[in-house]
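Trainee: Before we start, here is the structure in question, set down as structure tokens.
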Amino acid sequence: MLLRYFYDEKLAHASYMIGCQQKGEAVIVDPMRNITPYIEVANKENMKIVGALETHIHADFVAGSRELADRFSATMYISDEGDESWKYTNLENINHVLLKDGDKFELGKLVFEVLHTPGHTPESISFLLTDGAAADKPIGIFTGDFVFAGDIGRPDLLEKAAGIQGTADSGAKVMYQSVERFKQLPDYLQVWPAHGAGSACGKALGAVPSTTVGYEKQFNWAMQFDNEADFVKGLLDGQPEPPYYFAIMKSVNKIGIELLKNLPTLEVITKVEQINEILEAGHLVVDTRNAESFSEGHIKGTVNIPFNNSFTNWMGWIVDYQKPLYLLVEDEEYLEEMMIALHSIGIDLVLGYANVNLIVEQSLTLDSYEDVTPSEAKVLMESEDVAVIDVRNLTEFNEGHIEGAQHIMVGTLKNRLSEVPEKKLIVQCQAGGRSAIAASILKANGIHNLVNMTGGYSRWKNEIK
């Protein structure tokens, strides 16, 4: 048996290649949209990719199953659990197998058994894997977003992200039954989840790539309850805000999305006048430099989302999927990686890019904003009529915040500008990164009387006694 692990740090997403070396065939579990890494490994290992297994209709990334089906005529193995709202569509021209609890299928000597594990979503399934060439019992289980290392899948996404009222509580109750079933599995089974630390699909995910059933039964917080009511309360409390794009991903992965080969070629923009025209037309232009460079001088109206491991998440919060997007890039070497990140969450209407340094050099007038330390912010609060805007998650805010601060989570800011006071603003988060994004969003929307507090609430607690 061949088992390979793939991890997208920007999405905290794990996928897996399982191959039967005797047969020379492999399948991918919860594949990402960028299938190149799978192809490279398959070629190296002399494997043919023949299938794609999905644990559920994902909400946080575009699954690559249809890309694999198009490229290799791979069969999609997908859930047939849940009601009609949770059935895959547009499968007429794709080889596919619909799966229910207890179903089994084989890949050479490998046997996959389906477990219906609802709670995170109604149709969620897990795959027990047995290597028939070595044993007659399963070696591990692919749990998708059901069980993670140190956590379990959240049941509130359908309500918070997709707006389906009442599903959080009912989902939590179903999850309790799924967890109880999980506890009946053998302790020795390896657990291979679809996400790691940093994913918004849970609230306490561990940073290790795999775990075991026995370890999770002993140390996973969600496995310690012996009654449904306490479990439901513990599971629903403190879940982070789901990015806006989660609702879009549910639809995308259910009905399908345009194949990558059919997406438009990027236009190369070389004149600042072109960027200004794009901005005047109401389109989004994202400057991908670090926050310090952006604060010192940027094209008025642009928004700053630095290209780092948080890039995908924040782009999913702020991008309007129905409008064209343009990028300002400092190093074109990273452009391909940026496009992979954007495509991974279905941001496909990216029409052009420009070298940000070239554009900034051409501009006769640049916009900027001031950074202040917590001590300097304290002086402003004592000497001027200011408002403190805390853009962290609500759970962080509730754990402690600057007295009098107003909470507007950065991802929701673009839709809550009417709540922003008409006075000088001190924008802050936990360490300074998210508040810099917020400052750029405010300025792009004509709110210029502001400063960004560097170091955030963490530094405030240390400096201000």
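The values are calculated or read from the model by the stated rules, or taken from the named source; none is laboratory data. If you're wondering where the values come from, they're calculated on a predicted model, not measured in any experiment. Positions of Cβ are generated from backbone atoms using ideal geometry, with glycine treated the same way; all protein chains shown enter the neighbour counts. We work out accessible area using only protein heavy atoms, side chains counted, and drop any ligands, DNA or RNA first. Shrake-Rupley method; radii C 1.70, N 1.55, O 1.52, S 1.80 Å.
Trainee: Please compare each pair in Lys378/Lys423; Lys10/Lys233; Lys160/Lys183 to a cut-off of 18 Å on the Cα-Cα distance and tell me which ones are over it.
Mentor: Flagged as over cut-off: Lys10/Lys233; Lys160/Lys183.
Trainee: To the nearest 20 debye, what is the magnitude of the charge dipole of the stretch 398-450 about its Cα centre, counting +1 on the Cβ of each Lys and Arg and -1 on the Cβ of each Asp and Glu?
Mentor: Using Cβ point charges on Lys, Arg, Asp and Glu, the stretch 398-450 gives about 240 debye.
Trainee: Output the peptides 129-142, 221-234 sorted from most to least packed, where packing is the average of other Cβ atoms within 10 Å over each peptide's residues.
Mentor: The packing order, highest mean first, is 129-142, 221-234.
Trainee: On to the next question. From the helices alone, meaning DSSP H stretches of at least four residues, give me the mean residue ellipticity at 222 nm for the chain, per-run term -39500 (n - 2.57), in deg cm²/dmol to the nearest 500.
Mentor: Helices in the chain give a 222 nm mean residue ellipticity of -8500 deg cm²/dmol.
Trainee: Hey, which lysines would be in cross-link range of Lys100, C-alpha to C-alpha under 19 Å, not counting anything within fewer than 8 residues on its own chain?
Mentor: Cross-link targets: Lys87, Lys254.
Trainee: I want the local charge near Glu67. Using Cβ-Cβ distances under 10 Å, sum +1 for each Lys or Arg and -1 for each Asp or Glu among the other residues.
Mentor: +3
Trainee: Suppose we take every Cα in the chain and form the convex hull; what volume per residue is that in Å³?
Mentor: Taking the convex hull of the Cα positions in the chain, it is 152 Å³ per residue.
Trainee: Is there a quick way to get the dipole size of the chain? I mean about its Cα centre, with the Cβ of Lys and Arg at +1 and of Asp and Glu at -1; what is the value in debye to the nearest 20?
Mentor: Roughly 580 debye for the chain.
Trainee: Does anyone have the angle between helix 335-344 and the longest principal axis of the chain? Alpha-carbon axes, 0 to 90°, nearest 10?
Mentor: Helix 335-344 sits at roughly 60 degrees to that axis.
Trainee: On to the next question. Among the aspartates and glutamates, which have Cα under 17 Å from the Cα of Lys414 when same-chain residues fewer than 8 positions away are ignored?
Mentor: Cα-Cα hits under 17 Å: Glu241, Asp287, Asp320, Asp390, Glu422.
Trainee: Between 0 and 90 degrees, rounded to the nearest ten: what's the tilt of helix 433-444 against the longest Cα principal axis of the chain?
Mentor: Computed tilt is about 60 degrees.
Trainee: Can you tell me the accessible area per residue over the chain, all protein chains present, probe 1.4 angstrom, in square angstrom?
Mentor: With all protein chains present, the chain gives 42 Å² per residue.
Trainee: Ignoring ligands, DNA and RNA, what percent of the 1.4 Å accessible area of the stretch 1-66 is carbon and sulfur?
Mentor: After summing per-atom areas, the C and S share lands at 42 percent.
Trainee: Here's another thing I want to ask about it. Which percent of the accessible heavy-atom area of the stretch 309-367 goes to carbon and sulfur, probe 1.4 angstrom?
Mentor: Looking at the stretch 309-367 in its full context, I get 47 percent from C and S.
Trainee: Whole number please: convex hull volume per residue of the Cα set in the stretch 96-194, in Å³?
Mentor: Normalising the Cα hull of the stretch 96-194 by residue number yields 109 Å³.
Trainee: Right, another one. If packing is taken as the average number of other Cβ atoms within 10 Å across a peptide's residues, how do 329-336, 258-265 rank, most packed first?
Mentor: Peptide ranking by packing, descending: 329-336, 258-265.
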